[in-house]
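Enquirer: Sharing a structure here in structure tokens format.
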Amino acid sequence: MGRPLVTDLKLKHHRVATPLGEVAVAEIGQGPVLVMLHGGGPGASGVSNYHQNLPELARYFRLLLPDQPGFGDSYRPTEQDLDERSITQITVEALFHALDSLGVGTFYLLGNSLGGAAALAMAQQRPERVIRLVLMAPGGGWLPFGPTPTEGQKEMFRYYNGTGPSEKKMGAFIRTMVFDHKQFGEDVIKARYEASLDESHIAFYHLYNAAFGKRGGMDPLWRDLHKVRAPTLLLWGRDDRTITLDGAQLMLKQIRDVQLHVFSRCGHWVQLERRAEFEALVSGFLTEEKA
């Protein structure tokens, strides 16, 4: 199925059976549990999105990196599944089942983009389980002032359509995700392109895009922001062209315990573009003693 980027780290891999289907979860490190949820771009998976951050964060946490349904090595929701419920609703149920099977009760939670929507929904539905929450340009809690779909969302939709995936299209996709694409060479483009070629993932992505269109976008999680009880850190690239910074205001107003850090000269992939600062902010926030 999925082919995550190669890493020299010694990861433990779980294949967790849930009532919805099998969920793949990579694990590394010791300490309090930090669940890290990846975004929804073509070829995304838990390890591919965060592999560069694992050596530092594994010093402090037991990191769990699920592949969300439809991505990586996890099961693929069907067209009927996506007609009945949104991808976020499906993901939240599958992840809670997976965490229960792994014996995880309470945990720290981090997610970006599509994974940020799942993280936000998890914190709304089971607030007693989420100790602290980090959201990186999350879907669902965001209300843009500009037109939608955004530039980055359009590139995601284009990737598998038309002539299908190619390294050229992957390069165009990455250029919309980041502020300075020169940071990311041909090796990154090639690896992400190769990870996007799994036929079952391509079939899922067409269903996912169609369902996204039918529903008119992400779930309106912004309606229930007041249900988030966990202290929350928002991380955003000022130059994000996928989930734009201007939409963050509602989260700042409605989440009861929230702070925002904005990175200049940074796009949608904060964990890659501002790696060291991202790792320091996340580890500092999650290990911060309560006053």
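Residue by residue, here is whether (1) buried (at least 19 other Cβ atoms within 10 Å of the Cβ); (2) touching a helix residue (DSSP H, G or I) at 6+ places or on another chain (Cβ under 6 Å); (3) at pLDDT below 95 holds:
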residue: K10; (1), (2), (3): no, no, yes
residue: H13; (1), (2), (3): no, no, no
residue: V23; (1), (2), (3): yes, yes, no
residue: V33; (1), (2), (3): yes, no, no
residue: H38; (1), (2), (3): yes, yes, no
residue: L54; (1), (2), (3): yes, no, no
residue: P77; (1), (2), (3): yes, yes, no
residue: Q80; (1), (2), (3): no, no, no
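Enquirer: Is there any pair linking a residue in the stretch 278-290 that is among the aliphatic types (A, V, I, L, M) to one that is part of a helix (DSSP H, G or I) and at pLDDT 95 or above, with Cβ under 7 Å and at least six apart or on different chains, and which?
Expert: So the pair list comes out as V282/L57.
Enquirer: Follow-up. If E27 satisfies all but one of (1) part of a loop (DSSP other than H, G, I, E, B); (2) free of Cβ contacts under 8 Å to residues at least 40 places away in the same chain, what's the number of the condition it fails?
Expert: It fails just one condition, (1).
Enquirer: On the given criteria, is Q254 of a type in the set (S, T, N, Q), out of contact with any strand residue (DSSP E or B) (no Cβ under 8 Å at 6 or more places or on another chain) and closer than 17 Å to V134 by Cα?
Expert: Details: of a type in the set (S, T, N, Q): yes; out of contact with any strand residue (DSSP E or B) (no Cβ under 8 Å at 6 or more places or on another chain): yes; closer than 17 Å to V134 by Cα: yes.
So Q254 fits the description; yes.
Enquirer: Please return the ranges of helices (runs of 4 or more DSSP H) entirely within the stretch 180-271 where 3 or more residues are touching a residue at least 60 places away in the same chain (Cβ under 8 Å) and out of contact with any Phe, Trp or Tyr (no Cβ under 6 Å at 6 or more places or on another chain). Give the steps one after another, and end with the answer.
Expert: Details: elements: 186-195, 199-215, 249-254.
Ranges flagged: 186-195, 199-215.
Enquirer: To continue, here is another question. Report the residue count in the stretch 34-63 for those that are farther than 15 Å from G116 by Cβ and either more than 14 Å from the chain's Cα centre (by Cα) or part of a helix (DSSP H, G or I) (or both).
Expert: Of the stretch 34-63, the ones farther than 15 Å from G116 by Cβ are 42-43, 45, 47-48, 51-63.
Subsequent filtering for residues that are either more than 14 Å from the chain's Cα centre (by Cα) or part of a helix (DSSP H, G or I) (or both) retains 47-48, 51-63.
Of the residues in the stretch 34-63, 15 are farther than 15 Å from G116 by Cβ and either more than 14 Å from the chain's Cα centre (by Cα) or part of a helix (DSSP H, G or I) (or both).
Residue by residue, here is whether (1) of a type in the set (G, A, S); (2) in contact with a strand residue (DSSP E or B) (Cβ under 6 Å, 6 or more places away or on another chain); (3) modelled with pLDDT of 95 or more holds:
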| residue | (1), (2), (3) |
| --- | --- |
| K190 | no, no, no |
| G217 | yes, no, no |
| L225 | no, no, yes |
| P231 | no, yes, yes |
| D239 | no, no, yes |
| G247 | yes, no, no |
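Enquirer: If you go through the stretch 140-153 one residue at a time, do you hit one that is hydroxyl-bearing (S, T, Y) and modelled with pLDDT of 95 or more?
Expert: No, that holds for no residue.
Enquirer: Determine the pairs where a residue that is on the phi > 0 side of the Ramachandran plot, located within the stretch 130-158, has a partner that is assigned to a helix (DSSP H, G or I) with Cβ atoms under 6 Å apart, the partner being 6 or more residues away or on another chain.
Expert: Qualifying pairs under 6 Å: G140/A117; G140/L120; G140/L221.
Enquirer: Determine, yes or no, whether R158 is over 27 Å from F107 (Cβ atoms), at pLDDT 95 or above and in contact with a Lys or Arg (Cβ under 9 Å, 6 or more places away or on another chain). Don't jump to the end; show me each part of the working.
Expert: On the way: over 27 Å from F107 (Cβ atoms): yes; at pLDDT 95 or above: no; in contact with a Lys or Arg (Cβ under 9 Å, 6 or more places away or on another chain): yes.
Against the criterion (over 27 Å from F107 (Cβ atoms), at pLDDT 95 or above and in contact with a Lys or Arg (Cβ under 9 Å, 6 or more places away or on another chain)), R158 does not qualify.
Enquirer: Please give the number of the condition A276 fails out of (1) over 12 Å from M136 (Cα atoms); (2) small (G, A, S); (3) under 17 Å from the mean Cα position of the chain (by Cα).
Expert: Result: A276 fails condition (3) only.
The values are calculated or read from the model by the stated rules, or taken from the named source; none is laboratory data. Fair warning: this is a prediction, and the values are worked out from it, not measured in the lab. All Cβ positions, glycine included, derive from the backbone under ideal geometry; neighbour counts span all protein chains shown.
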